[in-house]
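One structure is given here, and the rest of the page talks about it.
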Ligand code: C5P
């Protein structure tokens, strides 16, 4: 049986880096579920849709088709969609913002559900997202909800984007983050909230290694 650690939390709370470090430390697989929503967003943007495109029934059908048939390969370092390397491109803020709009469409969430569960096949999995503990892996033995103040999250996202070669400015980022938080927490389907029984960890004043160490302690108290 695969041991599952779920790691949910708001945008730029540091989940990605923490999840990858945990997976590496424990020798577990890693599921970056946000990447799946970003890939669907990438397809929509490529088809000429914008953040202002109103989603009617036909749009929703198209979105769930894209989600169901995502032709994606995750390698250790890369994400290949339809034979193109989109690893960096899907990290753009415009893609993240579109992803959060698309993520409110329930048929898209349903279309991605089995694919996400399929990642639980090795000895362990660290699953990072918004609804990993509440919907996708409700029986996971270890559930963590990672938060941080919006100022520190905007700062972290700023550094991340600049390091990846994107341009960014703090004022737009804070506005963008607030907009996404609002959309993710207020949506009807699988809203962002701590799963029942989740360990809520505020990483505002913690470094990455300190955050990882706290979660490993928690993991050891339950699983070891
Ligand atoms: O985590 P990341 O920022 O890459 O996710 C992009 C968007 O995808 C989020 O803002 C959120 O709306 C959506 N998402 C989701 N459920 C997940 C993972 C991501 O709704 N499990």
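The values are calculated or read from the model by the stated rules, or taken from the named source; none is laboratory data. In this text, all values refer to a predicted model and were calculated from it rather than measured experimentally. Cβ atoms come from the backbone with ideal geometry, glycine included; neighbour counts cover every protein chain shown.
Below is a table of values for the structure above.
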{"item": "Test result for residue 106, over 14 Å from the mean Cα position of the chain (by Cα), in contact (Cβ under 8 Å) with a residue 24 or more places away in the chain and more than 12 Å from the ligand (Cβ to nearest atom)", "result": "no"}
{"item": "Single match in 41, 21, 67, 17 (criterion: closer than 22 Å to residue 131 by Cα, touching a helix residue (DSSP H, G or I) at 6+ places or on another chain (Cβ under 6 Å) and away from the ligand (no atom under 14 Å from the Cβ))", "result": "21"}
{"item": "Test for residue 213: is it out of contact with any strand residue (DSSP E or B) (no Cβ under 8 Å at 6 or more places or on another chain), more than 19 Å from residue 96 (Cα to Cα) and at pLDDT below 95", "result": "no"}
{"item": "Boolean, residue 61 is touching a helix residue (DSSP H, G or I) at 6+ places or on another chain (Cβ under 8 Å) and within 16 Å of the ligand (Cβ to nearest atom)", "result": "no"}
{"item": "Some residue of segment 161-175 being farther than 20 Å from residue 90 by Cα and within 16 Å of the ligand (Cβ to nearest atom)", "result": "no"}
{"item": "Counted residues, segment 158-178 - those being loosely packed, with under 12 Cβ neighbours inside 10 Å and part of a loop (DSSP other than H, G, I, E, B)", "result": "3"}
{"item": "Test: residue in segment 135-146 that is in a helix (DSSP H, G or I), free of Cβ contacts under 8 Å to residues at least 60 places away in the same chain and out of contact with any strand residue (DSSP E or B) (no Cβ under 8 Å at 6 or more places or on another chain)", "result": "yes"}
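Residue by residue, here is whether (1) in contact with a helix residue (DSSP H, G or I) (Cβ under 8 Å, 6 or more places away or on another chain); (2) modelled with pLDDT of 95 or more holds:
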{"position": "94", "(1), (2)": "yes, no"}
{"position": "97", "(1), (2)": "yes, no"}
{"position": "110", "(1), (2)": "yes, yes"}
{"position": "113", "(1), (2)": "yes, yes"}
{"position": "118", "(1), (2)": "no, yes"}
{"position": "136", "(1), (2)": "yes, yes"}
{"position": "159", "(1), (2)": "no, no"}
